[in-house]
Amino acid sequence: MRYLAPASVDEAVSALAAEPGKTGILAGGTDLLVQMKTGLIEPDLIVDIKKINDLNAIRRENGGFRIGAGVSGAQMGEHAELARAWPGVVESVNLIGSTQIQGRATAAGNLCNASPAADSVPALIAASAVASVAGPGGTREIAVEDFIAAPGQSVLEKGEIVVSLFLPSRPEHASDAYERFIPRTEMDIAVVGVGISVDTSAEGEVKNARVGIGAVAPTPLLVNEAADAIVGTKLDEEALERCASAAMAACSPINDKRGTIDFRIKVAGALAKRVAKRAYCRARG
């Protein structure tokens, strides 16, 4: 196994594209190193992108935020402007592992690990986040909801890496929230996770909404029907019930030791109502 710490994105892409064997990208390493230790993967080349300065910053861009692929969850949590604009995204990333893990784990890495139960992904979907990808053929943008192809598998092609995540600007009276259900109080994988973003009028009517749900299908879901259920309302109980019903209808979970199909579907509906209320209350100040 070889280890490379490139100083630029171009150098990283070139190394990954030229390697004929298996490759691994080290950002935080909280997934990669565990998978290596347990023998799930045995890369021939590891490319450490933490040494690329451009990937370790949060920058304002077009009214939104450009979050480098090497930025840790702790850095996101400590960024006051980001936390005010996108509290749901920040709280989702800050649920990944322990405080120590958050000092290393990255939102981009959580996305690239491609777990159906990844905490940050439903919140990023709700936020209309876009992954910027660099590869041998140049750069391209991928909406987060289109990024995961199957459990553990992304749409990245050979030599490609995620260099940043972009969160768009927020209009006035808009906010988001994320919540999950886990069997334990901390440091567990989501049985169900729901992220919701809402944009409201000055009078309190929901003008736009996005609903992301994780751990209820082979890939995290963008559930337009659940969002449509609350658009045009002031989030009355009837609208919340419609949102919950649409969220449950979108689910196609599995039975496992952490939850049954029926349980996961019911939890998805309950969380959709709860998270919609929280996002709405934040949007209304």
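The condition of being without any contact (Cβ under 8 Å) to a residue 24 or more places away in the chain, touching a helix residue (DSSP H, G or I) at 6+ places or on another chain (Cβ under 8 Å), surrounded by 22 or more Cβ atoms within 10 Å (Cβ to Cβ) and not β-branched (V, I, T) holds for A229.
Got a number for residues in segment 150-185 being in a strand (DSSP E or B) and in contact with a helix residue (DSSP H, G or I) (Cβ under 9 Å, 6 or more places away or on another chain)? Residues meeting the conditions: 15. Looking only at segment 186-212, residues that are hydrophobic (A, V, I, L, M, F, W, C) and assigned to a strand (DSSP E or B) come to 7 in all. Looking at segment 26-45, is at least one residue modelled with pLDDT under 95, touching an Asp or Glu at 6+ places or on another chain (Cβ under 7 Å), assigned by TED's automatic domain parsing to the domain that holds V9 and open to solvent by less than 40 Å² (accessible area, probe 1.4 Å)? Looking for residues that are modelled with pLDDT under 95, touching an Asp or Glu at 6+ places or on another chain (Cβ under 7 Å), assigned by TED's automatic domain parsing to the domain that holds V9 and open to solvent by less than 40 Å² (accessible area, probe 1.4 Å), one finds at least one in segment 26-45, hence yes.
Residues are listed down the side, and each one gets a yes or a no for (1) under 22 Å from G88 (Cβ atoms); (2) touching a helix residue (DSSP H, G or I) at 6+ places or on another chain (Cβ under 9 Å); (3) outside any helix (DSSP H, G or I):
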residue	(1), (2), (3)
A244	yes, yes, no
S252	no, yes, yes
R264	yes, no, no
A270	yes, yes, no
K273	yes, yes, no
K277	yes, yes, no
R282	yes, yes, no
G285	yes, no, yes
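Close contacts from segment 2-23, counting a first residue that is touching a residue at least 24 places away in the same chain (Cβ under 8 Å) and a second that is among the basic types (K, R), with Cβ to Cβ under 6 Å and a gap of 6+ residues or different chains, come to A5/K51.
In segment 10-25, how many are surrounded by fewer than 19 Cβ atoms within 10 Å (Cβ to Cβ) and of a type outside the set (S, T, N, Q)? Final tally of qualifying residues: 9.
The values are calculated or read from the model by the stated rules, or taken from the named source; none is laboratory data. What you see is a predicted model, and the numbers here were worked out from it, not measured in a lab. So basically every Cβ, Gly included, is an ideal-geometry build from the backbone, and we count neighbours across all protein chains shown. Please note that ligands, DNA and RNA were not included when accessible areas were found on the heavy atoms of the full protein model with its side chains. Shrake-Rupley method; radii C 1.70, N 1.55, O 1.52, S 1.80 Å.
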